[in-house]
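Trainee: Quick one: structure below, then a few questions.
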Amino acid sequence: MKRSQFIRNACLSLGAAVVLAACGGGVSTTPSADGGDAAAGLWLVGTEPAFPPFESQDASGELVGFDIDLMKAIGEQAGVEVQFESLPFDGLIPALQAGTIEAAISGMTITEERAQTVDFSRPYFRAGLAIAVAEDDTETTSFESLEGKTIAVQLGTTGAEMAGTIKDAKISTFDSAPLALQELSNGNADAVINDAPVTLDAISSGNIGGVKVVGELITEEFYGIAMPKDSPNLEALNTALVELIENGTYDALYEKWFGTAPVGTLPEAGF
Ligand code: ARG
């Protein structure tokens, strides 16, 4: 099966998946201390760049991915300069709260819990969590069958939160999704709970060997761009995002990174 088809089928199966409750889980010269100079049209945007195809670094260290292209397009549309800053995933919300960045785009799921401390844009991507196991594992076939298993996850993610609800599971936490997947590939974990598009991309790109996705997606989640609470930039962000959806730019970027048109339309809110 072609990668695009694989992803498409996985996305389609979302419809049937049990939807669980929201997981609850002009450059300023000194940008790092107090963020970009939003008044002068510069947004510092945080991202954890080990999450392809949303954000990763190419051979020359350049940030690439769907999120990166989308954020650049939003900057152009809104007339602001966008400068990316790499941060650990669990450091993004604290950085927004501290005001050291204006926004975060990082395949971040809009959750009720996170929305208490940051504001989210409209949803820009439909995703969900998938279970990955070793290719020769015939025993682990569903969320229920994860009981008592060793599960590798990325720190601070909805996947980690979900894993935390499994009875008697042993959770191994990693700083990035590829490291969690590598643990599974090495035979040191029984399963990984991670965002489906990223796990599928790791398998189809050959980055992770001997691993397969089983069962249905265990959640439906929507990604949003996060901003500090009551950010004056939120409206400009949402306006630009809607314009890009309406003028076809969004679809073109989706096609570029996922090889298919988006399935269905996005809701106005993430939960
Ligand atoms: N969607 C999941 C979450 O929000 C995982 C996101 C991880 N993103 C990343 N760039 N590592 O918790």
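No value in this document is a laboratory result; all are computed from the given coordinates. What you see is a predicted model; the values in this text were computed from it and never measured. When we count neighbours, we look across all protein chains shown, and the Cβ atoms used for this are built from the backbone with ideal geometry, even at glycine.
Trainee: How many percent of the alpha carbon pairs in the chain exceed a separation of 30 Å?
Mentor: Roughly 26 percent, rounded to a whole number.
Trainee: Treating only the Cβ of Lys, Arg, Asp and Glu as charged (+1, +1, -1, -1), what charge dipole size does the chain show about its Cα centre? Round to the nearest 20 debye.
Mentor: It comes to approximately 420 debye.
Trainee: Which entries in Lys170/Lys212; Lys167/Lys256; Lys72/Lys212 show an alpha-carbon gap greater than 31 Å?
Mentor: Where the Cα-Cα span goes over 31 Å, the pairs concerned are Lys167/Lys256; Lys72/Lys212.
Trainee: Right, another one. Among Trp43, Trp257, what is the fewest-to-most ranking by other Cβ atoms within 10 Å?
Mentor: Going from least to most buried by this count: Trp257, Trp43.
Trainee: Loop only by DSSP, 16 or fewer other Cβ within 10 Å of the Cβ. Give me the GluC sites (Glu not before Pro) in the stretch 82-141 that pass, ordered by residue number.
Mentor: Those satisfying the criteria are Glu112, Glu113, Glu135, Glu139.
Trainee: Please give every one of the lysines within straight-line cross-link reach of Lys229, meaning a C-alpha to C-alpha distance under 19 Å, and leave out same-chain neighbours fewer than 8 residues apart.
Mentor: Of all the lysines, none pass the test against Lys229 - Cα under 19 Å, at least 8 places apart if same chain.
Trainee: Between the DSSP loop rule and a limit of at most 16 other Cβ atoms within 10 Å, which trypsin sites (Lys or Arg not before Pro) in the stretch 128-212 are left?
Mentor: In loop regions of the stretch 128-212 (DSSP not H, G, I, E or B), the sparsely surrounded trypsin sites (Lys or Arg not before Pro) are Lys167.
Trainee: Using only the Cα atoms of the stretch 166-271, what do you get for the radius of gyration and for Dmax, in Å?
Mentor: My reading of the Cα-based Rg and Dmax gives 17.5, 49 Å.
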